[in-house]
Amino acid sequence: MSNIVKMGERNVGVAMDFSACSKAALRWAATNLARRGDRLVLVHVNPSYQIEQGVVHLWEQDGSPLIPLYEFSDPLITKRYGVSPDNETLDILAQVANQRQVEVVAKVYWGDPMKKICEGIEKIPFHCLVVGSRGLSKVKRALLGSVSSYVVNHATCPVTVVKESAF
């Protein structure tokens with residue numbers, strides 16, 4: 001599968017950690033952003049290396065290859081990448097693929113979500129990115145860091161932040 005984008009097609013990224021807020025971001029992107037001919041790229045960053053070390057070492061620097069939806073829906077395949085997509089997420093992805101005629105793929109990275117999402121923006125490349133926001137307080141955001149805040153400030157493409165309660 002090539003990363004080259006034909007005229008009129010866009011790579012629309014959605015950062016996904018399978019939380020309620022990232023699913024809200026996915027629903028928002030599917031409803032408001034995705035259009036026929038686009039490629040919707042679900043980006044998941046696994047901060048843990050507790051899967052087969054051989055697989056991680058193979059893709060540690062650049063992430064996994066783009067994983068087509070039919071493979072991302074197969075638990076035996078996703079287990080290799082250390083990902084367990086839930087049925088709700090898979091249903092949303094199948095719906096956008098079928099109803100909007102959008103190509104859906106997933107990309108898995110390992111490491112720091114803030115940095116790996118920004119790397120993906122440039123390497124894939126994305127025309128735009130949608131991320132969820134947990135709505136952390138200022139104190140928690142300062143202590144824990146906010147992936148969405150970091151991405152908004154460091155991304156090289158437009159970023160839409162969707163709050164969980166917004167969708």
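Only the coordinates and a few stated rules stand behind these numbers; no lab work does. Nothing here was measured: the structure is a model prediction, and the numbers come from that model. Positions of Cβ are backbone-derived with ideal geometry, glycine not excepted, and every protein chain shown enters the neighbour counts.
Measuring against 22 Å, Cα to Cα, the residue pairs LYS79/LYS123; LYS79/LYS163; LYS23/LYS107 contain LYS79/LYS123; LYS79/LYS163 as the ones spanning a longer distance. For LYS163 and GLN95, a Förster radius of 22 Å and the Cβ-Cβ distance give a FRET efficiency of 0.50, rounded to the nearest 0.05. Karplus-based coupling profile of the range 13-24, in residue order and whole Hz: x, 9, 6, 9, 10, 6, 7, 4, 6, 6, 5, 5, with θ = phi - 60° in 6.51 cos²θ - 1.76 cosθ + 1.60 and x standing for Gly or Pro.
Taking a straight line from the alpha carbon of LYS116, these aspartates and glutamates sit under 12 Å away, with near neighbours fewer than eight places off in the same chain left out: GLU60, ASP62. Derived scalar couplings between HN and Hα for the range 62-67 equal 10, x, 5, x, 5, 9 Hz in order, rounded to whole Hz, by the Karplus curve 6.51 cos²θ - 1.76 cosθ + 1.60 (θ = phi - 60°), x for Gly and Pro.
Highest mean first, the peptides 17-26, 71-80 sorted by other C-beta atoms within 10 Å per residue fall in the order 17-26, 71-80.
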